[in-house]
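Visitor: The following block contains the structure, expressed as structure tokens.
The values are calculated or read from the model by the stated rules, or taken from the named source; none is laboratory data. From a predicted model like this one, the values you see are computed outputs, not experimental measurements. Here the Cβ is made from the backbone with ideal geometry for all residues, glycine too, and neighbour counts use every protein chain on show. Note: areas computed on protein heavy atoms with side chains; ligands, DNA, RNA excluded. Shrake-Rupley method; radii C 1.70, N 1.55, O 1.52, S 1.80 Å.
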Amino acid sequence: MKNLLTDISGVRVGHADDAALASGVTAVMFDRPAVAAIDVRGGGPGTREGALLDLANTVERIDALALAGGSAFGLEAGGGVQAWLAEQGRGFEVRGAIIPIVPGAIMFDLLNGGDKQWGRFAPYRELGYAAAAAASHDFALGSAGAGFGATTANFKGGVGSASAATPDGVRVAALAVVNAVGSVTVGDGPWFWAAPFETDGEFGGRGLPPAFTREMLAMRLKGAAAATAAENTTLAVVVTDATLTKPQARRLAMIAQTGFARAIYPVHAPLDGDVLFAAATGEKPIDPLVGLTELGMVAANTVARAIARGVYQATALPFPGALSAWKDRFG
């Protein structure tokens, strides 16, 4: 296992980004349609096809997921991923018509110093197509794809990923785009809130501080008093090789999103648009009660690790006044 989302067989990830734009798109592609659900906890979400994933609705499986910067403009990224899939003949069939199913979500990166004066049409549809076409089993972490322009309250954000397995050998992996209004570190120090769940020094091995001070526990918000509900969001995708129904995938998403609370402080605020997608490729049966509970527990830990890795691996944007990266300060 490479500690990536692509440790789940049949999953590929592609990035496309633009350095001058300081934004990008990440596409999660499924070789075969996957059962999927969504859990939304933030107060300012931006989603595509979110209603389709509601348990009361007909379609159960998806072909891909599109994650993007660009705020509402980035919702067009799903159209680019959809176009690439259509060229491959992939999608939901309706009497001979093929419709690729591509839910997605966006985060706000319009004020990070990049050139967002793109004219009549935003570039996210083309970036979505390029991300889908570039999808492979290896992909970059940190300042790449949808996380290229991401930030947190005190350090540069980015794309993180992690994977794990239950004692019964069921795999689960996560990918996160970390653009939180809060902080992923304890105060302004090198310690990550997700430290108790770290594996093999994957985000620096610093552990937790020997004690917590009042200053460490003080609220840090991106933009401080000027913070708004439009400017933030952490996006996550959890994929497992378990066999799940759509309601079980929703329950997995709900349990897994507790990983946000283990890695971000504060989290699920009215200032965030936090969204988590859960998908299952259906290779391994699990017990619907104890087995699903254990899978959710491991998934939540994996989400926390992916969030920390997104900040740990990020590099600062090359603009005046850009937020520093964790490694700029702590190596």
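Visitor: If I model a spin label as a point 7 Å beyond the Cα along the Cα-Cβ vector, how far apart are those points for Phe212 and Ala20 in nm?
Guide: Inter-label distance under the simple model: 4.6 nm.
Visitor: Give me the lysines in straight-line cross-link reach of Lys246: C-alpha distance below 23 Å, same-chain residues under 8 apart excluded.
Guide: Lys284
Visitor: Choose one of Gly223, Thr185, Gly282: the residue whose Cα lies farthest towards the positive end of the charge dipole of segment 183-331 (beta-carbon charges +1 Lys, Arg; -1 Asp, Glu; about the Cα centre).
Guide: Gly223
Visitor: Report the FRET efficiency, 1/(1 + (r/R0)^6), for Thr243 and Thr315, where r is their Cβ-Cβ distance and R0 is 45 Å, rounded to 0.05. Could the numbers behind the result be given before it?
Guide: Details: r = 39 Å, r/R0 = 0.87.
Using R0 = 45 Å, I get an efficiency of 0.70.
Visitor: Right, here's the next one. Under the definition of Cα pairs under 8 Å and six or more residues apart, what whole-number percent is the relative contact order of segment 31-76? It would help to have the intermediate numbers written out before the result.
Guide: Values: 35 pairs, mean separation 21.0, N = 46.
Normalised by residue count, the contact order of segment 31-76 is 46 percent.
Visitor: Let me have the relative contact order for segment 42-138, percent, based on Cα pairs under 8 Å that are six or more residues apart. Display every interim value, and only then the final one.
Guide: On the way: 156 pairs, mean separation 35.2, N = 97.
In percent, rounded to a whole number, it is 36.
Visitor: Counting Lys and Arg as +1 and Asp and Glu as -1, each charge on the Cβ, what is the dipole of segment 156-298 about the Cα centre in debye, to the nearest 20? Don't skip to the answer; put the middle values down first.
Guide: Details: 11 positive and 13 negative charges, 57 e Å.
Around 280 debye, computed over segment 156-298.
Visitor: Also, quick follow-up: For the chain, calculate the relative contact order in percent as a whole number, restricting contacts to Cα pairs under 8 Å that are 6 or more residues apart.
Guide: Working: 968 pairs, mean separation 80.8, N = 331.
Normalised by residue count, the contact order of the chain is 24 percent.
Visitor: What is the spin-label model distance, in nm, from Asp200 to Met219 if the labels are put 7 Å beyond Cα along the C-beta direction?
Guide: If labels sit at Asp200 and Met219, their model points lie 3.9 nm apart.
Visitor: Under 26 Å Cα to Cα from Lys222, which lysines show up? Leave out anything in the same chain fewer than 8 places away.
Guide: Lys116, Lys156, Lys327
Visitor: Kirkwood Rh and Cα-based Rg: tell me the resulting Rg over Rh for the chain, rounded to two decimals. Don't skip to the answer; put the middle values down first.
Guide: On the way: Rg = 18.3 Å, Rh = 19.2 Å.
Rg divided by Rh gives 0.95.
Visitor: How much accessible surface does Tyr129 have with a 1.4 Å probe, in Å² rounded to 10?
Guide: Only protein atoms counted, so the area is about 70 Å².
Visitor: I've got another one for you. Between Arg120 and Val290, what length comes free when the chain is fully extended (0.36 nm per residue of separation minus the Cα-Cα distance, one decimal in nm)? Don't jump to the answer; show the numbers that get you there.
Guide: Working: separation 170, 0.36 × 170 = 61.20 nm, distance 5.22 nm.
Length difference between fully extended and current span is 56.0 nm.
Visitor: Also: Which value, in debye to the nearest 20, gives the size of the charge dipole of the chain about its Cα centre, when Lys and Arg are +1 and Asp and Glu are -1 at the Cβ? Please report the intermediate quantities before stating the final value.
Guide: Details: 26 positive and 30 negative charges, 66 e Å.
It works out to roughly 320 debye.
Visitor: Here's something else I'd like to know. At a 10 angstrom cut-off on C-beta neighbours, averaged per residue, how do the peptides 232-242, 185-195 rank from highest to lowest? Intermediate values should be presented prior to the final figure.
Guide: Details: 232-242: 29.3, 185-195: 20.6.
The densest-packed peptide leads the list: 232-242, 185-195.
Visitor: Mind checking the full-extension length gain between Leu111 and Met1? Use 0.36 nm per residue of separation minus the Cα-Cα distance, one decimal, nm.
Guide: Details: separation 110, 0.36 × 110 = 39.60 nm, distance 3.67 nm.
In short, 35.9 nm is gained.
Visitor: Give the accessible area for Ile38 in Å² (nearest 10); use a 1.4 Å probe, count only protein heavy atoms, and leave out ligands, DNA and RNA.
Guide: 20
Visitor: If R0 is 30 Å, what FRET efficiency do you get for Val94 and Ser9 from their C-beta distance, rounded to 0.05? Show your work: numbers first, answer last.
Guide: Numbers: r = 28 Å, r/R0 = 0.94.
Rounded to the nearest 0.05, the efficiency is 0.60.
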